[in-house]
Amino acid sequence: MNEDSIKIARDYMDSLVVESRIVGAARPSSKVTLCGIEFDTPIMTAALSHIDLVGMAQGAARLNAPVSIGMGDNDELMRVLGTGAHVMKIIKPYKDKDEILKRIECARDNGAMAVGMDVEHAVNADDDEDSIVVGKAMKLPTLEELREYVELAKIPFFIKGAMSPHDVRRAAEIGCEGVILSHHNGLMRCSVPPVMMLGEIREDIGDDFTVIVDGGMESGYDAFKALALGASLVTVGKRLIEPLKNEGADGVYNVLRNMTGELRAMMLRTDSADLGSIDPGVIHRLK
Ligand SMILES: Cc1cc2nc3c(=O)[nH]c(=O)nc-3n(C[C@H](O)[C@H](O)[C@H](O)COP(=O)(O)O)c2cc1C
C-alpha cells in the first residue's frame, strides 16, 4: 500500500518523458504574466514559512520571479514586501476570522500582488477534525466565507489546495483569479498527482484561468512537464530550503536561475517559442 502522495507524484513525474522537436527550433522566451505583472520565469517560490522569507524574496526578485509566502505575521509580510518582490500572501484558514481579515487588509494596503488561502490545511490528514497549526485553531471555510474573503481582498485571490475540476470551478465561481493545485506535502493521502489533473482541469475551465502547480518540482524539466500539460506557473518549495540556509538570497537566485535555464533548454528542444505554445503532445508516458 502506498499512501505517500509525495512519492506517488514523484513516480508519476518520472514516468513522463519528452519528445524532441529540435530541427529548425526557435529560441524560447520564458516570460509569463501573473496578476497583470510580467515576470521573466514561470518558476515561483512556494508558500513557505518559518524560514528566512526576506532572503527568499530577495533571491526571487533578482531574477524577476514571482514570490508566494506562507503563514507568518503582518510584520514579516511587510519586511518581505519591502524587498520589492511581487508577493502572493497565502493566509491560513484560521478559525478566528479577524486573523484572516487583518492579513488580507495588510496585504492589500501594502502592495501585495495577490492573496490566497490554503483551505485544505483547515482539516487534519488522518481524521475529520479541524486542525491546529502552530498552536492556532483552523476551520474549513464555507463557500460563502470564501466568497466574502475574495470580495474583501479587492486584489487577486487564489485558493491553494484545489485539486480537481470540481474545486477549480468553485474557485472560479466565487471570483478567484486562480488556484494552486497542491496536496500540501502529502496532507491529502493517496492523492492524485497535481500534474496528472492538469488536462482534465484545463478542459473544464478553459485557457484563461490561472492554474499554478505545486509539489515536488526539483528541476526545470519537471517545470516544463507541468507547463506543457497546462500549468500557468509552477512553485518550488523544499528545493530552495537548503540553498537558502547555506547561501541566503544567492542560493535562491541560483536555484531559480538554473531551473529556468533547464526549462528554456527543454523549450528550445521542443520548438516551443513561448510558454503558451508548448504542445502537450511532446509529453509521453512510459508504460
Ligand atoms: C517548511 C515549510 C513550510 C511551509 N509552510 C506553508 C505555509 O505556511 N502555507 C502554505 O500554504 N504552505 C506551506 N508549505 C507547503 C508548500 O507551500 C508546498 O505546498 C509544499 O512544500 C510542496 O511543494 P514543494 O514540494 O515544492 O516543497 C510549507 C512547506 C514547507 C516545507
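The values are calculated or read from the model by the stated rules, or taken from the named source; none is laboratory data. None of the values given here were measured: they were computed from a predicted structure. FYI the Cβ positions are ideal-geometry reconstructions off the backbone, even for glycines, and counts take in every protein chain you see.
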Out of all the residues in region 170-189, is one or more closer than 25 Å to GLY281 by Cβ, over 14 Å from the mean Cα position of the chain (by Cα) and more than 14 Å from the ligand (Cβ to nearest atom)? no
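Suppose we filter ALA112, ALA60, ALA46, ALA125 for residues that are under 30 Å from SER277 (Cα atoms), among the small types (Gly, Ala, Ser) and in a loop (DSSP other than H, G, I, E, B); which single one remains?
Details: ALA60 fails: in a loop (DSSP other than H, G, I, E, B); ALA46 fails: in a loop (DSSP other than H, G, I, E, B); ALA125 fails: under 30 Å from SER277 (Cα atoms).
Matching residue, one of ALA112, ALA60, ALA46, ALA125: ALA112.
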For helices (runs of 4 or more DSSP H) lying entirely in region 132-215, having 2 or more residues that are farther than 19 Å from LEU229 by Cβ picks out 143-153, 165-173
GLY55 vs. criteria over 21 Å from GLY175 (Cα atoms), part of a loop (DSSP other than H, G, I, E, B) and within 16 Å of the ligand (Cβ to nearest atom): no
What number of residues within region 4-48 satisfy the criterion of being at pLDDT 95 or above, among the charged types (D, E, K, R) and more than 24 Å from GLY70 (Cβ to Cβ)? 6
Looking at region 74-87, is at least one residue in contact with a Leu (Cβ under 9 Å, 6 or more places away or on another chain), outside any strand (DSSP E or B) and farther than 22 Å from VAL252 by Cβ? no
Does ILE205 satisfy the condition of being among the β-branched types (Val, Ile, Thr) and within 15 Å of the ligand (Cβ to nearest atom)? no
Do we find a residue being surrounded by fewer than 18 Cβ atoms within 10 Å (Cβ to Cβ), more than 16 Å from ILE100 (Cβ to Cβ) and either away from the ligand (no atom under 16 Å from the Cβ) or at pLDDT 95 or above (or both) anywhere in region 145-162? no
Filtering region 58-76 down to residues that are without any contact (Cβ under 8 Å) to a residue 40 or more places away in the chain and not β-branched (Val, Ile, Thr), which residue is nearest to the ligand (Cβ to nearest atom)? GLY72
Please determine whether any residue of region 96-111 is more than 18 Å from ASP75 (Cβ to Cβ) and touching a Pro at 6+ places or on another chain (Cβ under 8 Å). no
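I need the full set of residues from region 216-258 which are in a helix (DSSP H, G or I) and under 21 Å from ASP274 (Cβ atoms), in order please. Quick ask: steps written out before the conclusion?
Quick first cut of region 216-258, residues in a helix (DSSP H, G or I) only: 220-228, 238-247, 249-258.
Matches in region 216-258: GLY220, TYR221, ASP222, ALA223, PHE224, LYS225, ALA226, LEU227, ALA228, LEU256, ARG257, ASN258.
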Specify the residue that is nearest to GLY59 (Cα to Cα); the eligible residues are those in region 30-43 that are in a loop (DSSP other than H, G, I, E, B) and within 16 Å of the ligand (Cβ to nearest atom). THR41
Which of the residues belonging to region 211-250 are more than 15 Å from the ligand (Cβ to nearest atom) and within 17 Å of VAL54 (Cα to Cα)? ASN246, GLU247, GLY248, ALA249, ASP250
Pairs returned, first residue in region 194-223 that is in contact (Cβ under 8 Å) with a residue 12 or more places away in the chain and among the aliphatic types (A, V, I, L, M), second residue that is assigned to a loop (DSSP other than H, G, I, E, B) and surrounded by fewer than 17 Cβ atoms within 10 Å (Cβ to Cβ), beta-carbon separation under 9 angstrom, 6 or more apart or interchain, are MET197/SER164; ILE201/SER164
